[in-house]
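Step one of this worksheet: look at the structure below.
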Amino acid sequence: LTLYESKNSKYVISDENPNFKTVDGVLFNKDMTVLLGFPNTTEITTYTVPKGVKQIAEDAMSFFKKTTLKEIILNEDLESIEVGNFWFVGNFNKKDMITVYATKKIVDELASNFSFVNWLTLEERVV
């Protein structure tokens, strides 16, 4: 499931869908352990990944245009962040910075993958 170029402002899934679920327009697997898609055109400025989410799927939080998102708070249950997340296509400058708050383990993992980018700030926080 690749949603990278999605132009959705929110995902909408029927409550009867056996495989997927949405919360506040964000797409998850049914048991909410995997975040599958974050809307590209949302007006959200701060997003907290819900407790219980253990994985952010490939490209789930990558954006094809500038985003209003300024803060992403990753929960302490998070075990893996697949490739392609926190990538942004477009011209970004200092005012477009996004801060990711996470546990030390996740911050260290992200820091090794994003040491060369200038649009992402990583901060350790017990979440």
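If only one of Lys65, Lys95 is surrounded by fewer than 17 Cβ atoms within 10 Å (Cβ to Cβ), modelled with pLDDT under 85 and not in a loop (DSSP other than H, G, I, E, B), which one is it? Don't jump to the end; show me each part of the working.
On the way: Lys65 fails: not in a loop (DSSP other than H, G, I, E, B).
Checking each option against the conditions leaves just Lys95.
Selection within the stretch 9-30: residues that are free of Cβ contacts under 8 Å to residues at least 12 places away in the same chain and not hydroxyl-bearing (Ser, Thr, Tyr). The member of this set that is most open to solvent (accessible area, probe 1.4 Å) is Glu16.
The values are calculated or read from the model by the stated rules, or taken from the named source; none is laboratory data. In this text the structure is predicted, and so the values were computed from the model without any measurement. For neighbour counting, all protein chains shown are included, and Cβ atoms are generated from backbone atoms with ideal geometry for every residue, glycine included. Heads up: the accessible areas ignore ligands, DNA and RNA and are worked out on the full protein's heavy atoms, side chains in. Shrake-Rupley method; radii C 1.70, N 1.55, O 1.52, S 1.80 Å.
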